[in-house]
Structures are given as structure tokens and as C-alpha cells.
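Engineer: Submitted below is the structure of interest, expressed as C-alpha cells.
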Amino acid sequence: MTAALALLADIGGTNARFALADTTCPTPLQLDTVRGFAVADFPSLADAALHYLDDIGHDGQAAAIPRAVMAVAGRVDGDDARITNHPWVISRTRMQQRLDIDDVVLINDFAAQAMAISLLQPGDYTPIGGVPWSVPADPDGPCTYAVIGPGTGLGVGGLVIRDGKHYPLETEGGHVSFPPGTPEETAILERLSAQFGRVSNERLICGPGLVNIHRALSEIAGVDPGPMQPADITARAAAGDALCGRAVDVFCAVFGAIAGDLVLTLGAWDGVFLTGGLVPKMLDSIRHSGFRQRFEHKGRFSPNMGRVPSLAVLHPHAGLLGAAAIASRRAVA
């Protein structure tokens with residue numbers, strides 16, 4: 001049994017999630033093994049992984065586990081990766097030594113989110129807008145998907161399927177320059193530019209980005225909102241606060257616009273999957289916002305965009321699910 005196991009990790013700027021996969025199963029992710037920890041509680045990914053193994057009864061050792069797939073929220077450069085929104089610097093070689101695992105794979109977290117598409121089941125996703133999507137009868141048929149999701153930062157990726165092979169695209173598309181689409185968004189950009197200089201999409205579409213939008217709108221309105229957290233803004237918006245409600249509306253509209261731009265960039269006519277920690281929390285807001293209108297509003301390509309599904313991922317551990325898909329494919333390679 002242990003020869004079929006894989007250690008999985010999904011590492012963001014705030015949370016580290018671990019699990020085991022049984023690579024012989026059609027549904028390899030073992031949900032009962034999922035654990036989550038704050039990345040700030042550990043000096044390194046290896047320390048967090050060893051703590052996890054100890055927590056589930058592996059005596060702090062991984063020797064019986066032949067492979068590990070580590071999805072990290074940052075760019076993977078050869079054998080090394082740096083978390084974009086956290087100080088961890090990760091070395092695949094050191095991970096092999098510390099965990100005593102020969103086959104350690106480092107991938108961008110949105111490459112894992114992309115690979116999760118291959119294991120999604122009905123109930124793991126819901127459409128935003130009126131364009132349906134269902135798991136293809138031939139999951140290995142030619143398809144191109146986009147994946148985008150706000151959490152601590154903004155992750156962007158894609159999945160290209162050709163000739164039965166799955167190619168996840170590792171990108172840092174969250175750091176593309178923000179293109180305002182309305183006079184109000186131009187005014188927001190001016191205020192964020194004064195603070196940050198260059199303004200990327202991630203400066204608006206993530207948890208801290210929602211705070212940035214609200215602060216900019218408050219400056220435009222001539223009010224001081226005081227210290228705010230993303231949850232404060234969404235809660236006050238739900239309670240009827242007009243300025244917080246407007247911040248949420250702008251967030252959703254901009255999210256739709258850049259998701260549509262991603263479809264055009266990748267040629268992802270088979271669909272875009274919305275993931276990340278904020279999507280389930282803001283699902284009703286996204287559904288009842290200008291997300292889909294801005295998603296489709298692409299000039300001469302608007303009719304094409306009107307046929308592209310946009311899907312919110314509801315699976316609670318999509319990053320680990322994608323890591324499990326990668327581990328299963330490596331096990332039979």
C-alpha cells in the first residue's frame with residue numbers, strides 16, 4: 001500500500017495544506033488525510049511537511065512514501081521556488097534530503113489547480129452565467145482551459161489537453177498590468193499608482209486587493225474608512241453599506257474582465273475555472289454582479305465569449321486534487 005502513496009502539498013501565502021494520495025485509485029486524493037497549517041508557524045516547507053507526517057501518524061518520517069508533489073504559490077525556477085507572498089524559499093534537493101523521498105516535484109500552485117480539472121466531478125463546480133459545462137465524455141480529448149483565482153494573491157494558469165496528454169501551464173499572470181475599463185476604474189488606478197507605482201491585476205483581485213479597492217473608493221469619496229480586512233468589507237456590503245457594496249461590485253466586474261482577457265490570451269474556448277480562497281466566499285456576489293457582462297464584453301469577440309463557460313470551483317481542496325492527479329500520472333509513467 002505505501003508504495004502507491006504520494007505526499008501532497010498546496011502552499012499559499014497564508015496556509016499550507018497537506019494530504020496523501022493513493023495513486024492506484026481513480027479518485028486518488030484521500031480526503032480524510034487533509035490537514036491545514038499556517039505557513040507562519042514553520043521555518044520551512046520541509047518542517048511543515050514533517051509536522052504533517054507526524055500529525056497523521058507517520059512518525060515524522062516519509063521513507064515509506066516514494067513520491068511527493070508540492071504545489072507552491074510562486075514561480076518554480078528549476079529546482080527552486082520562492083513563495084510570492086511569504087518568505088519561504090524552497091529547494092527540491094533539500095526537500096528530497098529532509099523527507100527522504102527521491103521523487104519530489106515542485107510545481108506552481110495554479111498548475112495544480114489546472115490539473116484538478118481532470119478529476120472534477122459533478123458538484124465540484126457551478127456555472128457563473130448561463131453557459132453550462134459538463135465533464136467531457138473523453139477527458140483526454142483536445143481541450144484548452146484557463147484557470148484564475150484570488151486568494152492571498154491572484155493565481156493564473158491553464159490546461160492544454162492534446163493526444164491524451166495533459167499540459168498544465170505555469171504562469172504569473174496575476175502580475176500582468178491592470179487595464180481599467182471604466183472612468184471609475186481609471187480613478188482607482190490613479191490612486192493605487194500613487195501608492196504602488198506599477199499596478200498589477202493582483203493589486204485589485206485578491207483579499208488585500210479588495211481592501212485596496214475600498215480604500216481608493218473611500219479616498220475618491222473623501223472619507224477615511226480606517227483599518228479594514230476583506231471580511232469586514234464583504235460583511236458590511238451584505239449589511240447594506242454602500243461604499244463596501246460598491247467595492248465588492250468593482251472587484252467582481254474587474255475579475256470578470258481579466259478572466260475574459262485570459263480566455264482570449266490562451267484561446268481557452270473550452271472554459272475558464274474560477275478558483276482560489278475568495279471564490280466560494282464571494283460566490284453570491286460574483287453571480288449577481290457585472291462579472292459575466294465584463295467577461296463577455298470583448299468587442300468583436302463578444303459573441304465568441306458568450307459561448308465560453310465560466311465555472312466556480314467548489315471542491316474544497318482543488319490544489320491538492322490537482323497535485324494528486326500529477327502524482328497518479330507520474331506513478332504510471
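Engineer: I need a count of the residues in the stretch 285-333 that are in a helix (DSSP H, G or I) and more than 30 Å from ASP102 (Cβ to Cβ).
Structural biologist: The number of residues fulfilling the criteria is 16.
Engineer: List the residue pairs whose Cβ atoms are under 8 Å apart, where the first residue sits in the stretch 25-48 and is assigned to a helix (DSSP H, G or I), the second is loosely packed, with under 12 Cβ neighbours inside 10 Å, and the two are 6 or more positions apart or on different chains.
Structural biologist: Matching pairs, first to second residue: ALA48/ASP41.
Engineer: Checking SER285 against (1) among the small types (Gly, Ala, Ser); (2) out of contact with any Cys (no Cβ under 8 Å at 6 or more places or on another chain); (3) in contact (Cβ under 8 Å) with a residue 12 or more places away in the chain, only one condition comes out false. Which one?
Structural biologist: Answer for SER285: the failing condition is (2).
Engineer: Of everything in the stretch 113-160 that's of a type in the set (Val, Ile, Thr) and in a strand (DSSP E or B), which residue is nearest to LEU321 (Cα to Cα)?
Structural biologist: Taking the candidates together, the pick is VAL147.
Engineer: Does any residue of the stretch 47-65 turn out to be under 16 Å from GLY153 (Cβ atoms), among the hydroxyl-bearing types (Ser, Thr, Tyr) and surrounded by 14 or more Cβ atoms within 10 Å (Cβ to Cβ)?
Structural biologist: Taking every residue of the stretch 47-65 in turn, none turns out to be under 16 Å from GLY153 (Cβ atoms), among the hydroxyl-bearing types (Ser, Thr, Tyr) and surrounded by 14 or more Cβ atoms within 10 Å (Cβ to Cβ).
Residue-by-condition table, conditions (1) of a type in the set (Gly, Ala, Ser); (2) modelled with pLDDT of 95 or more; (3) under 30 Å from ARG246 (Cα atoms):
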position	(1), (2), (3)
ASP138	no, no, no
THR144	no, yes, no
HIS166	no, no, no
GLU172	no, no, yes
SER177	yes, yes, yes
PRO180	no, yes, yes
GLU184	no, yes, yes
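Engineer: Restricting the search to the stretch 11-21, which residues are part of a strand (DSSP E or B) and at pLDDT below 95?
Structural biologist: ILE11, ASN15, ALA16
Engineer: Is at least one residue of the stretch 1-18 in contact (Cβ under 8 Å) with a residue 24 or more places away in the chain, in contact with a helix residue (DSSP H, G or I) (Cβ under 9 Å, 6 or more places away or on another chain) and of a type in the set (D, E, K, R)?
Structural biologist: Scanning the stretch 1-18 turns up at least one residue that is in contact (Cβ under 8 Å) with a residue 24 or more places away in the chain, in contact with a helix residue (DSSP H, G or I) (Cβ under 9 Å, 6 or more places away or on another chain) and of a type in the set (D, E, K, R).
So that you can scan it fast, the table gives a plain yes or no per residue for (1) of a type outside the set (A, V, I, L, M, F, W, C); (2) more than 30 Å from VAL211 (Cα to Cα):
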| site | (1), (2) |
| --- | --- |
| LEU50 | no, yes |
| ASP55 | yes, yes |
| ALA68 | no, yes |
| VAL89 | no, no |
| ASN108 | yes, no |
| MET115 | no, yes |
| GLY123 | yes, yes |
| ALA146 | no, no |
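Engineer: Given the condition assigned by TED's automatic domain parsing to the domain that holds GLY181 and surrounded by 23 or more Cβ atoms within 10 Å (Cβ to Cβ), answer yes or no: does some residue in the stretch 216-226 qualify?
Structural biologist: Yes, the stretch 216-226 contains at least one residue that is assigned by TED's automatic domain parsing to the domain that holds GLY181 and surrounded by 23 or more Cβ atoms within 10 Å (Cβ to Cβ).
Engineer: Hey, another quick one. Could you grab me the full set of residues in the stretch 163-190 that are surrounded by fewer than 19 Cβ atoms within 10 Å (Cβ to Cβ) and either part of a loop (DSSP other than H, G, I, E, B) or among the basic types (Lys, Arg) (or both)?
Structural biologist: Matches in the stretch 163-190: ASP163, GLY164, LYS165, GLU172, VAL176, PRO179, PRO180, GLY181, THR182.
Engineer: Identify, by number, the condition in (1) more than 30 Å from ILE65 (Cβ to Cβ); (2) under 17 Å from the mean Cα position of the chain (by Cα); (3) surrounded by fewer than 16 Cβ atoms within 10 Å (Cβ to Cβ) that VAL272 doesn't meet.
Structural biologist: That leaves (3) as the condition not met.
Engineer: Report every pair of residues separated by at least 6 positions or lying on different chains whose Cβ atoms are under 7 Å apart, first residue within the stretch 252-268 and closer than 13 Å to PRO180 by Cα and in the same structural domain as HIS297 (by TED's automatic domain parsing), second among the acidic types (Asp, Glu) and assigned to a helix (DSSP H, G or I).
Structural biologist: Pairs that qualify, where the first residue is closer than 13 Å to PRO180 by Cα and in the same structural domain as HIS297 (by TED's automatic domain parsing) and the partner is among the acidic types (Asp, Glu) and assigned to a helix (DSSP H, G or I), are VAL254/GLU185.
Engineer: Considering the stretch 247-269 alone, what residues qualify as being surrounded by fewer than 17 Cβ atoms within 10 Å (Cβ to Cβ) and assigned to a helix (DSSP H, G or I)?
Structural biologist: Of everything in the stretch 247-269, those that are surrounded by fewer than 17 Cβ atoms within 10 Å (Cβ to Cβ) and assigned to a helix (DSSP H, G or I) turn out to be LEU264, THR265.
Engineer: Then there's this: Of all residues being out of contact with any strand residue (DSSP E or B) (no Cβ under 8 Å at 6 or more places or on another chain) and surrounded by 15 or more Cβ atoms within 10 Å (Cβ to Cβ) in the stretch 87-132, which is nearest to ASN304 (Cα to Cα)? Just the residue, please.
Structural biologist: Going through the qualifying residues, I end up with ARG94.
Engineer: When the stretch 191-215 is examined, which residues are found to be surrounded by 17 or more Cβ atoms within 10 Å (Cβ to Cβ), of a type in the set (Gly, Ala, Ser) and either outside the structural domain of LEU274 (by TED's automatic domain parsing) or outside any helix (DSSP H, G or I) (or both)?
Structural biologist: Within the stretch 191-215, just SER200 meets the criteria.
Engineer: Considering PRO280, PRO227, which residue is free of Cβ contacts under 8 Å to residues at least 40 places away in the same chain, out of contact with any helix residue (DSSP H, G or I) (no Cβ under 7 Å at 6 or more places or on another chain) and within 18 Å of ILE128 (Cβ to Cβ)?
Structural biologist: PRO280
The values are calculated or read from the model by the stated rules, or taken from the named source; none is laboratory data. Every value quoted in this text rests on a predicted model; they were computed, and no experiment measured them. Counting neighbours? That spans all protein chains shown, and the Cβs are built from the backbone with ideal geometry, glycine included.
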